[in-house]
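All remarks here apply to the structure that follows.
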Amino acid sequence: MIKLYDNGVYLLNGTEIIEDNNEAKAVLASKLGDGAITREVAAKNTIAYGILEAHNTSGNMEKLKIKFDKLASHDITFVGIIQTARASGLEEFPIPYILTNCHNSLCAVGGTINEDDHMFGLSCAKKYGGMYVPPHQAVIHQFAREVLAEGGNMILGSDSHTRYGALGTMAIGEGGPELVKQLLSKTYDINMPGVVGVYLTGKPRKGVGPQDIALAIIGEVFANGYVNNKVMEFVGDGIDNLSVDYRIGIDVMTTETTCLSSIWRTDDQVKDFYAIHGRVGDHKELAPKSVAYYDGMIYVDMSEIKPMIAMPFHPSNVYTIDELNANLYDILDEVEKKALVSLDNPNIKFTLKDKVKTGKLYVEQGVIAGCAGGGYENICDATDILAGKYIGSDEFSLSVYPASQPVYLELVKNGNIAKLMETGATVRSAFCGPCFGAGDVPANNAFSIRHTTRNFPNREGAKITSGQVASVALMDARSIAATAANKGYLSSAEDIDVNFTKPKYFYDSKIYDNRVYNGIGKPEKEAEIKFGPGIVDWPSMVELTDDILLKVVSEIHDPVTTTDELIPSGETSSYRSNPLGLAEFTLSRKDPAYVGRAKEVRAVEEVRRSNSCPMKENEEFNKAFSVIKAAYPDLKARETEIGSVIYAVKPGDGSAREQAASCQRVLGGLANIAREYATKRYRSNLINWGMIPFIFEDEIPFHKGDFIFVKDIKKAIAEKATEVKAYIVRDELVEFTLKIGEMTDDERDIIMKGCLINYYRG
């Protein structure tokens, strides 16, 4: 059972919830007497507030300027981050910066050698004083748990699943430019976020794993935005009933709620985790004070949660496995209707009804992997379920990816790897691939169940634009193992009679000691950076002009547009260090003609930048400019920046990869228009790449192909205007209003300078 409180709540002594309603004041007085405190004071008593206050440099807790303790990036993001920082004046890493390599099985795809990026990372770790984790050692978040997390600290990562709250570390996943700011000794600037409590009580049923708890929560809070851009703070007596590994498994999935970050109450079990990893001194006891106020509360009775499945194509599309199996065709009908929206392609005939065999749902593939599924306890429990069984020799396959070499080693030592292999499962090294569409790509029309983080369209690696469609459902490792034990027929782990052996974990640090390069605090400034031919500098970008002319080059009306749809993962990753090469894939799965249309606009802007008249080169632009000129005779084409703009209802759900914004920018993008932005991180990425995040909340009066003229945009941004007049260019100018939204002073300066690189160059 999950309950969402309609109002804020007071939490007394970490156990008693009092809703903030008309009776709250009297109830608090009766319980606390003279010790009763105001909502404003109690709000300062959360764990989250204490950590944010300790890291805030502004002196104003409403307007935070955060300095993080550590930074972490993986090989899909660190080249672009360091290139941006280098262009902005980087001399050395001012705080520990860890470069991991967990997108490492790309080899030679699309003309770029993956290992070049790795050598770039190693050479930069040497030159600037960082840490480098070679391929196959660990996925980024598992390494962070084992080596980087510290109680009361804050970590900023360039991957959206940067979540170490269960260990007492408040971690945030953002786009690369925010890490660049930290590398240049700047701050992460946000308004004080709301804090929502998550009260866990009860004990999970046998066979119910952390993914089940997480999916149940996501299903309740995603669509209504209950925790959007807020901090989730886990409290309650039920935490004591969870191992640390289990807590980590819930915590990593909080990203899929669209929250900003997470933090948990810590205890002796967390202290033991640090002790096992040789870092007992990094533990810190964290708990809310005796009276704490939360902006909302999610009450979760874990004893009532059953094994769950998130059907394609979103982690919030959740059902119990029992419910699905009992109502197969009705639910598959619902899934098909939702798929029409997610896939947004009438030519695709998506169905899962052909998977129903003898009244049961047949699955072609199972995957237990990455930062969510590849944990020690998940794999041990899955092995216990499969022990003495085999997965069969039909279409169904099972692959298991331990999240790090230390986890892998212990599974080898205790015999679980051998047991898994005997079942027919394959065991791989640490890799993010199945989570971002570059590993275990299913066959066309195949159905995969995965203990990973996401199941968006194409996250399995299929190419919808080429006629290939596959789908992923998210499940816990235990029910995946139960399905494997039944040779691919969807099953709940609750239906399996099993004795969970729970073997003790022993961590061996020698793997990292012998292989990881640690140059933190020891920059070798004379060291040469190694560049491969596929590592390309960012193209130049210009300052914002007083007025701008935009052409609408894409129009997306899906309820939510993910960053994967803006720039796909997987197939694009071999171009990750080549901004122009990567940009060729922008919106390729959503609007394949976008790149061509954007380039046409960029070509006109390039003429302007050459100090020639851009309108003479393009009849369409010339006609539009003539209409504008009739209203504003003093307007000069050479002084009016030209760019493309996309419209989407709610863009930016999903990955923190800055490429979702930067690819638009290098193609000449100058703005987005949206009803709202799904995440803070995507909006920040737009700003950091010099793109204006306009808001228009009503039905749009413009359409793809229209020109939009914005007069005095630079003045509006400089003077902190919240909205600006804009004009659709038809036979005459049609006026409407665009909202700009709140920005910090730095963010306004970044947009006016044209991008973060220009801003730091001065």
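Numerical summary
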| quantity | calculated |
| --- | --- |
| Cβ-derived FRET efficiency at R0 56 Å, ASN514 paired with THR722, nearest 0.05 | 0.50 |
| Chain lengthening between GLU285 and ARG205 when straightened (0.36 nm per residue, less Cα-Cα) | 26.0 nm |
| P(r) weight above 20 Å for the range 235-345, C-alpha pairs, percent | 58 percent |
| Per-peptide average of other Cβ atoms within 10 Å, ordering 8-20, 304-316, 517-529 highest first | 304-316, 8-20, 517-529 |
| Label of the coordinate-derived value, Rg and Dmax of the Cα atoms in Å, listed as (1) 47.6, 149; (2) 25.9, 82; (3) 27.4, 91 | (2) |
| Lys/Arg +1, Asp/Glu -1 at C-beta; the chain dipole; positive extreme among PHE234, PRO579, ALA598 | PRO579 |
| Where a label projected 7 Å from the Cα of ALA54 along Cα→Cβ would reach, residues of the range 150-187 with amide N under 11 Å | 150-154, 168-170 |
| At R0 = 45 Å, FRET efficiency that the Cβ-Cβ distance of LYS353 and ASP34 yields, to 0.05 | 0.10 |
| Normalised alpha carbon radius of gyration of the range 204-294 [divisor 2.2 N^0.38 Å] | 1.15 |
| Rg ratio (alpha-carbon, reference 2.2 N^0.38 Å) - the range 339-454 | 1.17 |
| Gyration tensor over alpha-carbon atoms, the range 65-189, equivalent ellipsoid semi-axes in Å | 22, 18, 12 |
| Fraction in percent of alpha-carbon pairs per bin - 10 Å, the range 1-140 | 9, 26, 19, 16, 17, 11, 2, 0 |
| Size of the range 592-667 as Cα extents on the principal axes (Å, biggest first) | 44, 25, 21 |
| Values of log10 I(q)/I(0), in the order q = 0.11 Å⁻¹, for the range 308-508 under a Debye, Cα-only, solvent-free model | -0.47 |
| Positive-end extreme of charge dipole, the range 1-88 - chosen from ALA24, ALA85, ALA54 (charges on Cβ) | ALA85 |
| Theoretical gain in end-to-end length, LYS63 to GLU19 [0.36 nm per residue, Cα-Cα removed] | 13.1 nm |
| Hypothetical label at VAL41: residues of the range 280-294 whose amide nitrogen lies under 15 Å (7 Å Cα-Cβ projection) | 289-293 |
| SER612-THR426 pseudo-label distance in nm [points 7 Å out on the Cα-to-Cβ vector] | 5.3 nm |
| Packing-based exposure ordering (other Cβ within 10 Å, fewest first) of SER610, SER88 | SER610, SER88 |
| Protection proxy ranking, peptides 153-162, 534-543, average beta carbon neighbours within 10 Å, highest first | 153-162, 534-543 |
| Distance histogram in 5 Å bins (all Cα pairs of the range 497-642, percent per bin) | 2, 7, 11, 11, 11, 11, 10, 9, 7, 6, 4, 3, 2, 2, 2, 1, 0 |
| Kirkwood-type radius of the range 519-584, with distances r between different C-alpha atoms, in Å | 16.4 Å |
| At R0 = 30 Å, FRET efficiency that the Cβ-Cβ distance of GLU91 and ASP537 yields, to 0.05 | 0.95 |
| Separation of the LYS704 and ASP322 label points, Cα + 7 Å toward Cβ, nm | 4.6 nm |
| Cα-based shape type of the range 654-746, given that a ≥ b ≥ c are square roots of the gyration tensor eigenvalues and the cut on a/c is 1.5 | prolate |
| Backbone N under 14 Å from the ASP394 label point (7 Å along Cα→Cβ), restricted to the range 414-454 | 447 |
| Computed helical MRE - 222 nm, the chain, DSSP H runs ≥ 4 contributing -39500 (n - 2.57), nearest 500 | -8500 deg cm²/dmol |
| Net lengthening on full extension, PHE506/ASN191 (0.36 nm per residue, minus Cα-Cα) | 109.2 nm |
| Computed magnitude of the charge dipole of the chain (debye, nearest 20; Cβ of K, R +1, Cβ of D, E -1) | 1160 debye |
| The range 547-761: proportion of alpha-carbon pairs further apart than 28 angstrom, % | 22 percent |
| Largest to smallest principal axis extent of the C-alpha atoms in the range 329-394, angstrom | 43, 32, 21 |
| Ordering of 448-458, 269-279 by packing [mean C-beta count within 10 Å, highest first] | 448-458, 269-279 |
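Throughout, read-outs are computed from the coordinates displayed, never taken from laboratory work. The structure displayed is predicted, hence computed values, not measured ones. In this analysis, Cβ positions are derived from the backbone assuming ideal geometry, glycine residues included, and neighbour counts consider all displayed protein chains.
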